[in-house]
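Below: the structure, in structure tokens.
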Amino acid sequence: MSTQDDDEIYCFDDDAAESSQGAKSQVALPPWKVLMIDDSPEVHQVTRMVLKTVRFMDRGVDFISAFSAAEGKQLIKDHPDAAVVFLDVVMETDHAGLDMVKYIREQVGNKLIRIILRTGQPGQAPEAEVIQRYDINDYKDKAELSDDRLHTTLIVALRSFNDLVTIEESRRGLEQILASSTELMQVHSTEMFLSGVLKQLQAMFNFGQDAILCARSKPESERPILPEPKVLAGSGHYEPLIGNGLEETGLTCKDEVLKAFESGKGSFSEGNYSIYFYSRDVFEIVILLDSPHEPTAFDNTLINVFCNTAAVNLSNIHLLETLEKKIEERTDELSKANQELQIMATTDMLTDAYNRRHMLDLGNKQLHIARRYKRPLTLVIFDVDRFKSINDTWGHAAGDAVLVGISKACKALLRTADIFARYGGEEFVVVCPETGLPGGVLLAERLRSAVEHMTIPEVAGLPPITISLGVADIVDSDSDITNTIHRADKALYQAKEQGRNAVVAYHPG
């Protein structure tokens, strides 16, 4: 078959169509069915004798007789594929044949069969009126039907029928292609799409149950997805092979598939029909189908149209998958970037504790919850004793190591619900939901002890680190968590005045 666009897709070559035309001489085609509805047995006998040797398109003629209009109706029902009917006008009634024409066209709905009206009494039904009023193809006086004219009339009718059938098959084939293409376009996965292509081909052209579809990247592809042929779809006994490389399958038909890949064309041999097509920037495709008879040239034409359409859709699906993958990757990148920005916006990068602003936001939320539901809430604030001397004596790197160590030691003691933050410099805050002042004091003492006993491996010879802590719980007048922080800060200064490394709870006065 022909090529549509060398840059886009390629299906078959012209040799395939030529070989299909030659198939007609190899496959025994059924004879044309010709119906004779006439109440005169002699007319049947003469017609059979004159036309028994007729052949058209390598097909003979099979005559089927009925001797009345009633029998003729049954004959029309039993043989919907009949090509021609010789129909007598006058049988049971003077217009039985004309009524039969209406029956065939209107009630049965057969628009393809060619109707040749014959009459021995032409005066009863004028030819001009009959031709104008009835959907017939010829109107003959039996007396004028010589051997040659009868022969010519039948050949013309058969040729007309064949042309109409070809047009009808073409229309139905294109409708199937359009319907199947629309269905396949709803699929957004390459594997599912190719499986659909295989099923549609089998259904549209009545191939056998066993079929296999193999794909590989084009040899000149810079980034081959499938460098070697792989089974991407299959049915019948080929279905379990889906996902395997062609070489791994050990199939006897492997060489036939590889031959189609290398030659770039399909073929028919020993009941197997192969189809080759490719889609730009995606795959080369070879489909091997179980087919007892070689498809006709007309079938090949429709298969070519279908595969060209499938190739375009395959390119679109591949493009869509590529875009979706890029969008997914970009979305992941943006999500990670947003997470990092969120961490940077809420976290102190040195100690991995919350920063001051985020602690105030979370603390105010907990304050409002506690006040609404009349639940306890306590806040602990502390700073490092003599931190300036650590920086001055051991250096700022040592001071940073101390802050990191304190953060780790405190986090190990806190609940998930507790809010731990670096408030500024060497100062830290812990907001403790569902905790009263005694519980806050107990936590503060545990924090003080943990810091005093921790070690800083990065700074050799560093003396024990101590902290001073102030604890305060919320009161009804606290409209903002900073009010609570202010009271806890007063208690912190009392702890400093008492000699440091101490815990002081705030009490009014």
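The values are calculated or read from the model by the stated rules, or taken from the named source; none is laboratory data. Treat the numbers as computed from the prediction; the structure is a model and nothing was measured. All Cβ positions, even for glycine, are placed from backbone atoms using ideal geometry, and neighbour counts span all protein chains on display. These accessible areas exclude ligands, DNA and RNA; they are computed on the full protein's heavy atoms, side chains included. Shrake-Rupley method; radii C 1.70, N 1.55, O 1.52, S 1.80 Å.
Only residues that are at pLDDT 90 or above and open to solvent by 10 Å² or more (accessible area, probe 1.4 Å) were counted across segment 71-90, and they come to 9.
Taking every residue in segment 248-265 that is buried (at least 19 other Cβ atoms within 10 Å of the Cβ) and pairing it with any residue that is outside any loop (DSSP other than H, G, I, E, B) and of a type in the set (Lys, Arg), at least 6 positions away or on another chain, the pairs with Cβ-Cβ distances below 8 Å are Phe261/Arg216.
Considering Ser274, Ser315, Ser291, Ser279, the condition of being without any contact (Cβ under 8 Å) to a residue 24 or more places away in the chain and out of contact with any Pro (no Cβ under 6 Å at 6 or more places or on another chain) is satisfied by Ser274 alone. Of everything in segment 479-501, what is closer than 15 Å to Val429 by Cβ, among the polar types (S, T, N, Q) and either out of contact with any strand residue (DSSP E or B) (no Cβ under 6 Å at 6 or more places or on another chain) or in a loop (DSSP other than H, G, I, E, B) (or both)? Give them in sequence order. Once the filter is applied, which keeps residues that are closer than 15 Å to Val429 by Cβ, among the polar types (S, T, N, Q) and either out of contact with any strand residue (DSSP E or B) (no Cβ under 6 Å at 6 or more places or on another chain) or in a loop (DSSP other than H, G, I, E, B) (or both), segment 479-501 yields Thr482, Asn483. Val504 meets all of the listed conditions (1) under 19 Å from Arg356 (Cβ atoms); (2) assigned to a strand (DSSP E or B); (3) not aromatic (Phe, Trp, Tyr) but one, namely (1).
Among the residues of segment 429-465, how many are assigned to a loop (DSSP other than H, G, I, E, B), in contact with a strand residue (DSSP E or B) (Cβ under 8 Å, 6 or more places away or on another chain) and surrounded by 17 or more Cβ atoms within 10 Å (Cβ to Cβ)?
Residues that pass the stated criteria total 2.
Looking for whichever is over 13 Å from Val384 (Cα atoms) and of a type in the set (A, V, I, L, M) here; the options are Val459, Val429. Which one fits?
One residue alone meets the criteria, Val459.
Screening Ser389 against (1) without any contact (Cβ under 8 Å) to a residue 12 or more places away in the chain; (2) under 46 Å from the mean Cα position of the chain (by Cα) leaves a single unmet condition, (2). Thr393 - would you say it is closer than 30 Å to Glu458 by Cβ, modelled with pLDDT under 95, out of contact with any Cys (no Cβ under 7 Å at 6 or more places or on another chain) and not acidic (Asp, Glu)? Yes. When each of Glu294, Glu284, Glu239, Glu321 is tested for being open to solvent by less than 40 Å² (accessible area, probe 1.4 Å), charged (D, E, K, R) and within 24 Å of the chain's Cα centre (by Cα), the lone residue that passes is Glu284. When the test is whether a residue is exposed (fewer than 13 other Cβ atoms within 10 Å of the Cβ) and outside any helix (DSSP H, G or I), Asp476 passes it. Scanning segment 392-401 for residues being over 57 Å from the mean Cα position of the chain (by Cα) and under 16 Å from Gly424 (Cα atoms) gives a total of 2.
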